[in-house]
Ligand code: CO
């Protein structure tokens, strides 16, 4: 696949995946098109060598894998991990609020969102709806309004003259999206609005009553290639759908000598502690179905490596002092190895050496990130999965600006660089003894 096509496909994937549920649905479609068969956690599995499979949990986390021709106990599993979720505004259970005739929706902040970019955006709403059918059965459907149906207007500068000196944003009071101007005094029922939307998206739907939902606001501005020399990509959810896409394409193109796996978890942005999150049992339970004997399982884990791919902070030219002087990754200069002495990242010299070696093989430049000592360091699924499984892990990611904004910026070259390294990773043998 050429570089331009790769970027087009990446941006299309992100645009079509406004929520983790949609991201997993789109990954399932790509996997099915490429010969991967769906497994259910509730079924018993009989896995064959040299075959492709995927399984989902909660509709928002997915594991895809290719069973290798070589014995997995001796050669281990090459794993890539990423996350499907991004910080955003999530609709509350009883969301209807009417103020001055405007219907607004109560929202909860999901994850560590930057608040200010949410103002003055053309917002839409998407996610999962759980409903009762006309035949009294419980069903689930994905929903996406697609059209801009909401806005959070800024307060005019004339009404807040000190806004540039000391702006604070109260997320309870100031982040309520306006979805319509009510015609009558009675507030409109949000679940009824959802039912109407479901019927307009699918006239065949048997929806009778919407019971509950996981719905998220998102910015409708499509991703774009930006810069005089077209060096940048600007989009929502680059953290971390970019890594999900790169991992997926790498896995699809991996050979079948070794067992290769991709896991994309939900709930990373809220700490990973859930059934579908990295701290849950999903990955272990799938790996135990590959090798059930406890002794062999331990041997397999011992020979395995996890590349945890999640975007890194590129040094911002307006804020260069926010990075350690010699650890400021630059966009388009290659993937970043993340190192933290206090284990906020799981990288050690051994796994980092493996990654550098792979970069050299793929002819890809590589950078490293270490946090300033006077600032707190973020984390990702790497240390959590390493702790849960005891697997050797490396934390890496492409550099980006504006992490957790509704519009983030990354380099146009780095995703393809990461793809080339992950392809090498899936194809190579490592002795982790
Ligand atoms: Co992330």
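Out of all the residues in segment 49-67, which are assigned to a loop (DSSP other than H, G, I, E, B) and modelled with pLDDT of 95 or more? First the steps, then the outcome.
Our first condition is that a residue be assigned to a loop (DSSP other than H, G, I, E, B); within segment 49-67, this holds for 49-51, 58-60, 67.
Matches in segment 49-67: 51, 58, 59, 60, 67.
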Notebook entry, point to check: Has segment 113-125 got at least one residue that is more than 16 Å from the ligand (Cβ to nearest atom), without any contact (Cβ under 8 Å) to a residue 40 or more places away in the chain and more than 25 Å from residue 426 (Cα to Cα)?
Noted result: yes
Checklist line | Subset tally (residues that are buried (at least 18 other Cβ atoms within 10 Å of the Cβ) and either in contact with a helix residue (DSSP H, G or I) (Cβ under 6 Å, 6 or more places away or on another chain) or at pLDDT below 95 (or both)) for segment 250-264 | finding: 8
Notebook entry, point to check: What is the residue count in segment 353-384 for residues that are in a helix (DSSP H, G or I) and either in contact with a strand residue (DSSP E or B) (Cβ under 8 Å, 6 or more places away or on another chain) or more than 24 Å from residue 284 (Cβ to Cβ) (or both)?
Noted result: 13
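I'm trying to understand the selection: among the residues of segment 141-166, which are loosely packed, with under 12 Cβ neighbours inside 10 Å and touching a residue at least 40 places away in the same chain (Cβ under 8 Å)?
Filtering segment 141-166 for residues loosely packed, with under 12 Cβ neighbours inside 10 Å gives 147, 153, 155-162, 164-166.
147, the sole residue that qualifies.
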Note to self: It is to be established whether one or more residues within segment 343-358 are under 19 Å from the mean Cα position of the chain (by Cα), within 14 Å of the ligand (Cβ to nearest atom) and without any contact (Cβ under 8 Å) to a residue 60 or more places away in the chain.
What the structure shows: yes
Check: Taking residue 214 and the conditions (1) within 13 Å of the chain's Cα centre (by Cα); (2) more than 16 Å from the ligand (Cβ to nearest atom), which numbered condition does it fall short on, given that it satisfies the others?
Finding: (1)
Note to self: I'm told residue 235 meets every condition in (1) surrounded by fewer than 19 Cβ atoms within 10 Å (Cβ to Cβ); (2) under 29 Å from the mean Cα position of the chain (by Cα) except one. Can you identify the failing condition by its number?
What the structure shows: (1)
Check: Say we look at segment 14-39 and pick out the residues that are in contact with a strand residue (DSSP E or B) (Cβ under 7 Å, 6 or more places away or on another chain) and part of a loop (DSSP other than H, G, I, E, B); which of these is surrounded by the fewest Cβ atoms within 10 Å (Cβ to Cβ)?
Finding: 35
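The values are calculated or read from the model by the stated rules, or taken from the named source; none is laboratory data. Please read these numbers as outputs of a predicted model, since none were measured by experiment. No Cβ is skipped: glycine too gets one built from the backbone with ideal geometry, and neighbour counts run over all protein chains shown.
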